[in-house]
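Nothing in this text is a laboratory measurement; each read-out follows from the coordinates by a stated rule. What you are looking at is a predicted structure, and each value in this text was computed from that prediction instead of being measured. Positions of Cβ are backbone-derived with ideal geometry, glycine not excepted, and every protein chain shown enters the neighbour counts.
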Amino acid sequence: MPSTPAAKHFENKRVFVSGGNQGIGQAISHAFAREGARVAVNGRHREKLDAFLPTLPTVNAGPHLSCAADVADEQAVIRVIDQTFREFGGLDVLVCNAGILSESPSEDVTHDAFMKVMNVNVTGVMFCVREVLKRWLDTGARGSIIINSSVHQIIPKPAFLAYSASKGAVGNMVRTWGLEYASRGIRVNGVAPGAIITPMNDAWVNDPEKYKTVSSHIPMGRPGKPEEIAEPVLFLASEKASYITGQTLYIDGGLTLYADFAKNWSS
Ligand code: NAP
């Protein structure tokens, strides 16, 4: 008897992924499309998005959507969320993944550099979530929101003050939204990756010595792959996670278990 193809878990679902054309976001967009979802892929550059979209698996529900916008630009976010609801006829899952970092000793951090990170990693997340919530509540629709945070939500990152502050902030935003919308069937959760092989980390990913050093700090002995973040994102967005809200899932090869304590060095 011919075997029937495995059921797709997000057939006919509609998903928006900010920063969805590179790194972890790219893996998330691919995973949702593989499972049958139409994906609205956001990034700042239209040409990059137009080149990326045809690499996604095609789905029965219709074409994927290119949503060029800087998430820190309120009007641009309103435009692309509007466009997505119009073209897709609604939305089932929002993934706020876009994020940036910048390095500087804290005594030298400028207002501009600090705000640039906060504007993307915190305010950008707020704009996307607010615009989606508004539309769901207006129509009585329900859905799931996943925010990409970082282990630096709880592990301090010296010389990356704005990054640490921004990820701490989104952790509390997830808990606030989780509580605020729990009774209305809207779930909001976070994922907090450890060190993942993406273009954001080119500085150590492409340097064998630095790669070895990074790996040596991770209890599992290696950095993670973008797909290892994407699959838990799909889980949190799915019905399998129907009773989970306001939580952050650390996906870090044990990094938040504090590698230095693997062997006892105190009493
Ligand atoms: P990445 O490789 O640098 O990719 C970032 C993505 O965000 C790109 O698609 C980029 O596209 C988009 N983006 C950047 N600024 C944007 C803006 N203002 N508006 C819209 N899109 C924007 O980064 P990644 O490593 O995949 O990281 C993704 C998320 O995971 C971030 O939130 C990051 O903090 C978090 N994270 C990463 C790691 C890690 O080790 N990689 C660890 C913990 C947490 P364009 O450049 O085309 O705009």
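About the Cα centre of the stretch 155-267, how large is the charge dipole given +1 on each Lys and Arg Cβ and -1 on each Asp and Glu Cβ? Please answer in debye to the nearest 20. Kindly include the intermediate steps, with their values, before the conclusion.
Values: 11 positive and 10 negative charges, 48 e Å.
With Lys and Arg at +1 and Asp and Glu at -1, about 240 debye.
The charge dipole of the chain, taken about its Cα centre with unit charges on the Cβ of Lys, Arg, Asp and Glu (plus for the first two, minus for the last two), comes to roughly 660 debye. Helices in the chain, meaning DSSP H runs of at least 4 residues, each add -39500 (n - 2.57). Divided by all residues, the mean residue ellipticity at 222 nm is -12000 deg cm²/dmol.
Residues D92, D82, arranged from fewest to most other Cβ atoms within 10 angstrom of their Cβ, appear as D82, D92. Pull out a ≥ b ≥ c, the square roots of the eigenvalues of the alpha-carbon gyration tensor of the stretch 132-267, then state rounded if a/c is under 1.5, prolate if not and a/b is larger than b/c, and oblate in the remaining case. Cα axes put the stretch 132-267 in the prolate bin. One quarter of the surface of the convex hull around the alpha-carbon atoms of the chain equals 18.1 nm², the direction-averaged projected area.
Computed from backbone phi, the HN-Hα couplings of the stretch 147-152 come to 10, 8, 9, 5, 4, 6 Hz, rounded to whole numbers (Karplus: 6.51 cos²θ - 1.76 cosθ + 1.60, θ = phi - 60°; Gly and Pro given as x). When each of the peptides 204-215, 147-158 is scored by the mean number of other C-beta atoms lying within 10 Å of its residues, the order from highest to lowest reads 147-158, 204-215. Rounded to the nearest 10 degrees, what's the angle between the helix 74-88 long axis and the longest principal axis of the chain, both from Cα atoms, 0 to 90? Rounded to the nearest ten degrees, it is 40. The magnitude of the dipole of the stretch 176-242, with charges of +1 and -1 set on the Cβ of Lys/Arg and Asp/Glu and taken from the Cα centre, is near 160 debye.
Inverting the pair-averaged 1/r between distinct Cα atoms of the stretch 94-136 gives 11.6 Å as its Kirkwood hydrodynamic radius. Mind pulling the angle between the C-alpha long axis of helix 161-181 and the longest principal axis of the chain? Nearest 10 degrees, somewhere in 0 to 90. It works out to around 40 degrees. Shape class for the stretch 44-144: oblate, because the ratio a/c of the largest to smallest gyration tensor axis (alpha-carbon atoms, square roots of eigenvalues) is 1.5 or more and b/c is at least a/b.
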